[in-house]
Each structure stands twice: as C-alpha cells, then as structure tokens.
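**Student:** The structure follows.
The values are calculated or read from the model by the stated rules, or taken from the named source; none is laboratory data. The structure displayed is predicted, hence computed values, not measured ones. Positions of Cβ are generated from backbone atoms using ideal geometry, with glycine treated the same way; all protein chains shown enter the neighbour counts. Just the protein is used for accessible areas: all its heavy atoms, side chains included, with ligands, DNA and RNA removed. Shrake-Rupley method; radii C 1.70, N 1.55, O 1.52, S 1.80 Å.
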Amino acid sequence: MKIIYTTLLAIGLIMPVMAQNRQVEESQITLNLLLPGVIYEAAVGDKSTMALEGTIGFQYVESSFSESGFGIYPIGRLQYRNYLNFDRRLSKGKNIAGNSGNYIAPLLAVQGGKAFIGDLDYYEDYFALAGAVYGLQRTGKKGLQFRFEVGPAYLFSEYDGGFAIATALKLGFVLGKSRR
C-alpha cells in the first residue's frame, strides 16, 4: 500500500513540472464544416494529444445494375497524435497555437453500414479502419483550422478486409479562447 501512495505522490509532483513544458493545447474542440462533425483534442504529453472525432459520411449511388440512392452514415475516429515540428516552427517565428504543426498518428475509425438518413444501406453493419497517418494541421488567429492527413491502413468489415489509403481533409473552426 505504501508503494501505491508513494507512486501517486511522485506522479502528483512530477505532472505539474511536465505540464510547464507542454507545447500542445490543454484541450480544444473543433467544429468541422465540410463534413459536419466535432473533434475533441486533449493533451496527453508535451507534444502529443488524443483526438476523438464524431462526424458523418455521405454516399450517393446511381446505377442501372444495382440499387440507386444516397445515405448519410455515422463515423467515429480516434487518434494519438505526436506532433513533430513544434520546435522548428517556433525557431522560425511561426505559430503553434491551436496545435498548428505536423504529426504522425495511429488511427482507428468505425463507420456504420446502415444509413441514418437516406435509403442506401450496406450489407455490412459496420466498417472499421486501423492504420497510421501523417498529417498537418494549421489553426489561424481567429480559430479557422485546416487539416490534411494520409497514410496506409487496413479496412475491414464483417465479411471482407483489405489494405487501403486513409485520407482526411477537414476545414473547421476551433471553439473557445482566441489563438496566441
């Protein structure tokens, strides 16, 4: 029991010291504009964050061979982002506020196969993706944020699986305090 208390005390004393060197935002919420959604990004290290995203996907199909229609599907994404170039950006006098920088991140994503709006349903109940991405994120002084990421991934469902390229292009607005 003494070991547990000693460990908790040590962590309690070390964490404030570690937080003084933190370069990422403590937390931020971004509203996506292109594909409506929300991202919550929280600091977990000096240059790393966890990002949890809820968004929607849209598909339209018109075909004489199969069912035509459209569907809007829920998508959830989770990333552990490790920002790579904060020091270089700072040395060049560039902004890192709003986590403006390049990152690498493992990515987990899940999409529902049944449309919550529309009539285009997949045979599968879900699709999942696991991979790694290289991304860049830039946040302006007024909170406008741009993000692009790409990387290899494995896409799978209940019935099938295969390798794919994961991509994301987001334009959104960071809520809350004004950027430095």
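**Student:** Looking at region 26-121, which chymotrypsin sites (Phe, Trp or Tyr not before Pro) are in a loop (DSSP not H, G, I, E or B) and have at most 11 other Cβ atoms within 10 Å? Display every interim value, and only then the final one.
**Tutor:** On the way: sites: Tyr40, Phe58, Tyr60, Phe65, Phe70, Tyr80, Tyr83, Phe86, Tyr103, Phe116; in loops: Phe65, Phe116.
Loop-located and lightly packed - Phe65, Phe116.
**Student:** Another question, if that's okay. Per the helix-only calculation at 222 nm, which mean residue ellipticity applies to the chain, given -39500 (n - 2.57) for every DSSP H run of n ≥ 4 and division by its residues, nearest 500 deg cm²/dmol?
**Tutor:** The helix-only estimate for the chain comes to -4500 deg cm²/dmol at 222 nm.
**Student:** Okay, moving on. Name the residues whose placed amide hydrogens come within less than 5 Å of the amide hydrogen of Leu35, ignoring near sequence neighbours (fewer than 5 apart) on the same chain.
**Tutor:** Leu171
**Student:** Related question: How many angstrom lie between the C-alpha centres of region 35-105 and region 121-178?
**Tutor:** 5
**Student:** Students sometimes get this wrong: rank Arg22, Arg81, Arg89 by accessible area, probe 1.4 Å, all chains present, largest first.
**Tutor:** Arg22, Arg89, Arg81
**Student:** Relative contact order for region 16-85: what is it in percent, counting Cα pairs under 8 Å that are at least 6 residues apart?
**Tutor:** 26
**Student:** So what are the chain's ellipsoid semi-axes, whole angstrom, largest first, if each one is the square root of 5 times an eigenvalue of the alpha-carbon gyration tensor?
**Tutor:** 36, 21, 15
**Student:** Counting only protein heavy atoms, what percent of the accessible surface of region 17-68 is carbon or sulfur at a 1.4 Å probe? The partial results should precede the final answer.
**Tutor:** Details: 1910 of 3100 Å².
Of the solvent-accessible surface of region 17-68, carbon and sulfur hold 62 percent.
**Student:** Which net charge results for the neighbourhood of Asn32, defined as the other residues with beta-carbon distances under 15 angstrom from its beta-carbon, given Lys and Arg at +1 and Asp and Glu at -1?
**Tutor:** Residues close to Asn32 contribute a combined charge of +1.
**Student:** First measure r as the distance between the Cβ atoms of Val61 and Ala97, then evaluate 1/(1 + (r/R0)^6) with R0 = 30 Å and state the FRET efficiency to the nearest 0.05.
**Tutor:** Plugging the Cβ-Cβ distance into 1/(1 + (r/R0)^6) gives 0.10.
**Student:** Separate question: Over region 111-180, what is the relative contact order in percent, taking alpha-carbon pairs closer than 8 angstrom and at least six residues apart?
**Tutor:** After rounding, I find 28 percent.
**Student:** In degrees, nearest 10, range 0 to 90: what is the angle between the Cα axis of helix 2-20 and the longest Cα principal axis of the chain?
**Tutor:** 90
**Student:** Same structure, new question: Number of Lys-Lys pairs in the chain under 17 Å by Cα, sequence gap 8 or more or different chains?
**Tutor:** 6
**Student:** Taking 0.36 nm per intervening residue step and subtracting the Cα-Cα distance, what contour gain separates Thr167 from Tyr134 on full extension?
**Tutor:** Details: separation 33, 0.36 × 33 = 11.88 nm, distance 0.95 nm.
So the extension gain works out to 10.9 nm.
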